[in-house]
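Take a look at the structure below.
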Protein chains: 2
Amino acid sequence: MTQFRPTYYGKYTNNTEDPALFETFKPKIEVYRAKLASGILDKYALPKEVLVQDPGSDVARVAEKVLTPNELAIVDTPAHQLVKQVASGRLSAVQVFEAFAKTATAAHQATNCAMELFLDEGLKRAQELDEYYKQTGKTVGPLHGLPISLKEHYAFKGKVTHGATVANIESVSQEWCSLVKILLDAGAVFYIRTTEPQSLMHLCSNNNITGKCCNPHNTRLTPGGSSSGEGAIVAMKGSAIGVGSDIGGSIRAPAAFCGVFGLRPTQKRLTMQNCTANIVGVGEAVVPVLGPLARHAEDLDLFMKVQIGAKPWETDPSIIPLPWREVSVPAPKDIRVAVIYDDGVVKPTPPILRGLKYAADKLKAVGAKVVEWESFGVEELVKAVNCMYNADGNQGQKAAFAASGEPLFALTKNALSFGKADQPLLAVEEHLLVQTREEYRERYLRKMLELDVDYILSPTYFSVAPKLETARYWGYTSLWNILDFPNVVFPTGLRCEPALDAPDNLHKPRNDIEAYEYALYDSAEDFKNAPISLQLTGKRWFDEELVKAAGVVHQIVLA
Amino acid sequence: MTQFRPTYYGKYTNNTEDPALFETFKPKIEVYRAKLASGILDKYALPKEVLVQDPGSDVARVAEKVLTPNELAIVDTPAHQLVKQVASGRLSAVQVFEAFAKTATAAHQATNCAMELFLDEGLKRAQELDEYYKQTGKTVGPLHGLPISLKEHYAFKGKVTHGATVANIESVSQEWCSLVKILLDAGAVFYIRTTEPQSLMHLCSNNNITGKCCNPHNTRLTPGGSSSGEGAIVAMKGSAIGVGSDIGGSIRAPAAFCGVFGLRPTQKRLTMQNCTANIVGVGEAVVPVLGPLARHAEDLDLFMKVQIGAKPWETDPSIIPLPWREVSVPAPKDIRVAVIYDDGVVKPTPPILRGLKYAADKLKAVGAKVVEWESFGVEELVKAVNCMYNADGNQGQKAAFAASGEPLFALTKNALSFGKADQPLLAVEEHLLVQTREEYRERYLRKMLELDVDYILSPTYFSVAPKLETARYWGYTSLWNILDFPNVVFPTGLRCEPALDAPDNLHKPRNDIEAYEYALYDSAEDFKNAPISLQLTGKRWFDEELVKAAGVVHQIVLA
């Protein structure tokens, strides 16, 4: 057997780039971009003058400049209330759609969060739903008339699905991603598919098809990734609920950086049928999951209830028939949480530490149990998960990139250098990583039982949203992908403030990645207004309790 | 990437045998055997004269020669009723234990089914349980006083656990196998650990520690494997319930060959913590499961209810918190089943075809829906699962054998030659196999939906119990290990009869493995009295419905 020595931050070597070949794809990219641009309909668009902005601007509320008070009220209504208002006839699907269409258009104009806009189709769908309601007096399902945004890489029948890979720019989906189909059957209205980075493996957004997306709260910063556009559009109220996917932080980083809720559920609860990705075959050592982004904790619950209520296991045998249980909302004093102030690899920056302490103090003040979690195993687990990502020796990703010769971004090269980079793992090496994973799953659960806590409160990333194209350390999120403990990211209501959050220049980096990352937070001024968000983690499979607890913790912290 | 070309029945090459080294282990084996022999207590033993037997004898009821009518009534009582009788005080734990102790001793004397007998400990435990009941008027749990047999390779605190590997012959378990501990906490009485083959990968029983076990219904035949001793002891009524494990047929082949019930549950419902095996690391492409063998369908239900009722997920995060649901018993006319008469690789022999037709006719007669299943994908799936077994290039098994230099049996070499044999798989190769597996899981489920059936009725093995040391084709069972659809094996009440089951000499083998296997059934006379058993398969995760349906189907077939 080849001795197993995973390299932590390896070197990317083989070249898949081919400028001449890529040249032949440029006209297709132009067509794609032109279609995206033409998706901005005049009737919904922001006037150009409103869009003028300086780097670092806060554009999160720019849509308000064109929304009527009624429209503003609609986009401010939580999804679980909105569906009731439509179901009761107080609002029409078209009214709801038009408020979100305007807002989504503004969000795209301000941040470049869309890959595809099809507002006419959305309007038509809303009209049909209203007609159905008028004819029958009934809704088609529990999401009747709810505008939902979708990350681009879910198969959408009849539309191109490329997963941010240029070579796939003309690949039309023949089937629906099953999860999207469940939303459709429940009455959702689709009108936007949002952006994601090349390789789907950045905590950022850049790709060769539609370029970068920026953070609505500070356009100098990243919205996060890989569900980049979902973070931006949900924060800007351009959809009632967004759908992201996460194998290392791809729902949670955008949710955190953009200041909204994001749920990474335990695996095998939501169907993954027909999601596009480049990795060869289906590995099981670490698996991606789909999940919602939203502005209200209760809307995570609504999303899960609808998805699981559709009994996806009846046609997808990989999904476990665990019903979405109705659990009670815990009393504030019954919350029991351990706090991670440092994962031992990359120390959190001052704004994040401020957020953690603020939340811990608020929790203690209401009588909740708050203890400290002494981190263990993070470096080993992050090494392991990084090896799992690239178990195929990058064959899938590289073949996909080589097919168009597209240039690779620095963060793509970073992701391709994870683990053993281009050297494929042996199955037995992956089995040993899985054994490590299993041991830590037990140890983490045992530690929670020993500490007598139900939840773990931690950073989502070591800092607030970083500048575009810089984030390389995913440990605060990928830890939970390998352990498969579910997480909810929530905003604390705090923002990065230059007066309070000056960089800590005294901290001595403990390793190379900390040296790199810690230096990224070089000036509080540049990060001004970035949301301070936290991540609440629950026990594996107990997503229901976690979602309810996250809502309560959020309320306690905001109070 | 190395091109993936799995070899179906490869060649075993590297030698781990070392006669000189093995010589040093022989004294330890003698000690082990002597301890086993001394475990046969005079007070429970069969007189020697009773044991005289010819090859091919039926020894299944030999214990009856020494049991009192009361003792016979006890071992004939289903486990779920026995626990009620003990709980109500009608029977004491000691009374129950002594009936099973006599029977188990006879079973071992007749078949060599035990690896370890510790009847004194069992008696002491039963006495303590009676004392507890006397003092408190309560039982310790739902299995209070129930004698349960255990396959040897589950960690048993304070006892040697070797998994039939000579090198481990002095390895004392420091912890309990979690599933065994749940039984203990529920009140089970342990007194026997049963035999299993070298490598745990034969459908037979031979090992270098305690040798062969034989089939109680015909001592020329195998009891099956790898839960060999469990098949024999449960058939001989030497335990109320037995615990086996299965990654390719290891619960189901012994259950079928010995004519009892066996359940292979869907994975991740019962805890696997602390089971010994030689395979390196934890692979997930195909995973072993534990499960019960019993003489009554309701006892499978009892076992599952107790295991899952213990909420193993509270300390084992790999276990899914799916409660064991109480489901209703289906009416005979509501059973809907597709029948596999041939898997397309190895045609069933005349007794098995007779059993299938008999069952199908009985089912039709009560108004059940019976359609034919046209097999598809079996060869590809069996190739895939064979590659998964040896994904580590046999490193784990070979290292374990090399540590004692023990001789390898032909069936061990057969198992080591599966898939790519000594050539380790790449992780990406395993991922592609997993992708194939996922596709077929969907296709099999879709086919069930199309045919509008809930269950699949099939052979467990292409024939009745084969002669010792001959079985090499596991496809009828391993198909369901890779697909992870749960199965119950049940007896039809029929036996192999020379007058009815003459070999079919006209069938032309379609491939090498069929040529080998089909020739094994060379004379109905040699297989006389072998039970004809069938396998009922349900939908993934729906073990509850399957167990109930298997009970109903069994009753219909017996009627």
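The values are calculated or read from the model by the stated rules, or taken from the named source; none is laboratory data. Since the structure is predicted, the reported quantities are computational estimates derived from the model, not experimental observations. Using ideal geometry, Cβ is built from the backbone for each residue, glycine included, and neighbour counts are taken over all protein chains shown. Calculation scope for accessible area: heavy atoms of the full protein, side chains included, ligands and nucleic acids excluded. Shrake-Rupley method; radii C 1.70, N 1.55, O 1.52, S 1.80 Å.
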Practice task
Scan the stretch A:154-181 for residues that are crowded, with 19+ Cβ neighbours inside 10 Å and at positive phi and jot them down.
Solution key: A:163, A:164
Practice task
Collect the residues in the stretch A:94-138 that are outside any helix (DSSP H, G or I) and either crowded, with 17+ Cβ neighbours inside 10 Å or in contact (Cβ under 8 Å) with a residue 60 or more places away in the chain (or both), keeping them in residue-number order.
Solution key: A:112, A:113, A:114, A:115, A:116, A:117, A:118
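From the set of residues in the stretch A:505-530 that are acidic (Asp, Glu) and farther than 20 Å from residue A:415 by Cβ, which is least open to solvent (accessible area, probe 1.4 Å)? Don't jump to the end; show me each part of the working.
In the first step, residues of the stretch A:505-530 are kept if they are acidic (Asp, Glu); the result is A:512, A:514, A:517, A:522, A:525-526.
Adding the requirement that they be farther than 20 Å from residue A:415 by Cβ leaves A:522, A:525-526.
Numbers: A:522: 89, A:525: 103, A:526: 39 Å².
Checked the stretch A:505-530; the qualifying residue least open to solvent (accessible area, probe 1.4 Å) is A:526.
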Problem - Qualifying positions in the stretch A:68-93 - within 23 Å of residue A:48 (Cα to Cα), surrounded by fewer than 21 Cβ atoms within 10 Å (Cβ to Cβ) and hydrophobic (A, V, I, L, M, F, W, C) - result: A:72
Problem - Boolean, residue A:204 is open to solvent by 10 Å² or more (accessible area, probe 1.4 Å), modelled with pLDDT of 95 or more and under 18 Å from residue A:258 (Cα atoms) - result: no
Practice task
State yes or no: is residue B:346 crowded, with 23+ Cβ neighbours inside 10 Å, of a type outside the set (Asp, Glu), closer than 30 Å to residue B:522 by Cα and in contact with a Phe, Trp or Tyr (Cβ under 8 Å, 6 or more places away or on another chain)?
Solution key: yes
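Take residue B:376 and tell me if it is among the aromatic types (Phe, Trp, Tyr), outside any helix (DSSP H, G or I) and either buried (at least 19 other Cβ atoms within 10 Å of the Cβ) or out of contact with any strand residue (DSSP E or B) (no Cβ under 6 Å at 6 or more places or on another chain) (or both).
Taking the combined requirement at face value, the residue satisfies it.
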Problem - Close pairs from the stretch B:332-347: first small (Gly, Ala, Ser), partner crowded, with 22+ Cβ neighbours inside 10 Å and outside any loop (DSSP other than H, G, I, E, B), Cβ under 6 Å, at least 6 apart - result: B:338/B:456
Handout entry: Test: residue in the stretch B:316-328 that is open to solvent by 30 Å² or more (accessible area, probe 1.4 Å), more than 20 Å from residue B:485 (Cα to Cα), out of contact with any strand residue (DSSP E or B) (no Cβ under 8 Å at 6 or more places or on another chain) and within 14 Å of chain A (Cβ to nearest Cβ)
Key = no
Practice task
Hey, can you tell me all the residues within the stretch B:222-238 that are within 10 Å of the chain's Cα centre (by Cα) and charged (D, E, K, R)?
Solution key: B:230
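Which is within 14 Å of another protein chain (Cβ to nearest Cβ) and modelled with pLDDT of 95 or more, of B:354, B:446?
Result of the check over B:354, B:446: B:446.
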Completion exercise
Note on residue B:102: of the conditions (1) touching a Pro at 6+ places or on another chain (Cβ under 7 Å); (2) under 30 Å from residue B:526 (Cα atoms), unmet is (1)
Completion exercise
Restricted to the stretch B:301-315 and to residues being part of a loop (DSSP other than H, G, I, E, B) and either away from chain A (no Cβ under 13 Å) or closer than 18 Å to residue B:188 by Cβ (or both), the residue most open to solvent (accessible area, probe 1.4 Å) is B:311
Exercise for the section: Determine, yes or no, whether residue B:545 is open to solvent by 40 Å² or more (accessible area, probe 1.4 Å) and within 14 Å of another protein chain (Cβ to nearest Cβ). Expected result: yes
Completion exercise
Only one of B:364, B:383 is among the basic types (Lys, Arg), in contact with a strand residue (DSSP E or B) (Cβ under 7 Å, 6 or more places away or on another chain) and assigned to a helix (DSSP H, G or I), namely B:364
Practice task
Answer with yes or no whether residue A:409 is touching a His at 6+ places or on another chain (Cβ under 8 Å) and either of a type in the set (Phe, Trp, Tyr) or away from chain B (no Cβ under 14 Å) (or both).
Solution key: yes
Practice task
Being surrounded by fewer than 24 Cβ atoms within 10 Å (Cβ to Cβ) and on the phi < 0 side of the Ramachandran plot is the filter here, so list the residues in the stretch A:211-243 that pass it.
Solution key: A:212, A:219, A:220
Practice task
Sort out which residues of the stretch A:1-46 are of a type in the set (Gly, Ala, Ser) and modelled with pLDDT of 95 or more, and write them in order of number.
Solution key: A:20, A:34, A:37, A:38, A:39, A:45
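Residues that are within 14 Å of another protein chain (Cβ to nearest Cβ) and of a type in the set (Val, Ile, Thr): does the stretch B:357-373 have at least one?
No, because not a single residue in the stretch B:357-373 is within 14 Å of another protein chain (Cβ to nearest Cβ) and of a type in the set (Val, Ile, Thr).
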Fill in the blank from the handout: residue A:387 meets each of (1) within 14 Å of chain B (Cβ to nearest Cβ); (2) surrounded by 24 or more Cβ atoms within 10 Å (Cβ to Cβ); (3) out of contact with any Pro (no Cβ under 8 Å at 6 or more places or on another chain) with one exception, condition (3)
Practice task
Answer with yes or no whether residue B:138 is under 21 Å from residue B:41 (Cα atoms) and basic (Lys, Arg).
Solution key: no
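Listed here are the residues, each with its yes/no results for (1) surrounded by 20 or more Cβ atoms within 10 Å (Cβ to Cβ); (2) in contact with a strand residue (DSSP E or B) (Cβ under 9 Å, 6 or more places away or on another chain); (3) at pLDDT below 95.
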residue: B:455; (1), (2), (3): yes, yes, no
residue: B:460; (1), (2), (3): yes, yes, no
residue: B:463; (1), (2), (3): yes, no, no
residue: B:468; (1), (2), (3): no, yes, no
residue: B:473; (1), (2), (3): yes, no, no
residue: B:503; (1), (2), (3): no, no, no
Handout entry: Hits in the stretch B:284-300 - residues which are under 27 Å from residue B:388 (Cβ atoms) and in a loop (DSSP other than H, G, I, E, B)
Key = B:284, B:285, B:286, B:287, B:288
Practice task
Would you check which residues across the stretch B:421-442 are small (Gly, Ala, Ser) and within 7 Å of another protein chain (Cβ to nearest Cβ) and list them?
Solution key: B:427
Completion exercise
Residues of the stretch B:47-68 being among the hydrophobic types (A, V, I, L, M, F, W, C), part of a loop (DSSP other than H, G, I, E, B) and modelled with pLDDT under 95, in sequence order, are B:52, B:66
Fill in the blank from the handout: The condition from (1) more than 25 Å from residue B:322 (Cβ to Cβ); (2) within 14 Å of another protein chain (Cβ to nearest Cβ); (3) open to solvent by less than 10 Å² (accessible area, probe 1.4 Å) that residue A:534 misses is numbered (2)
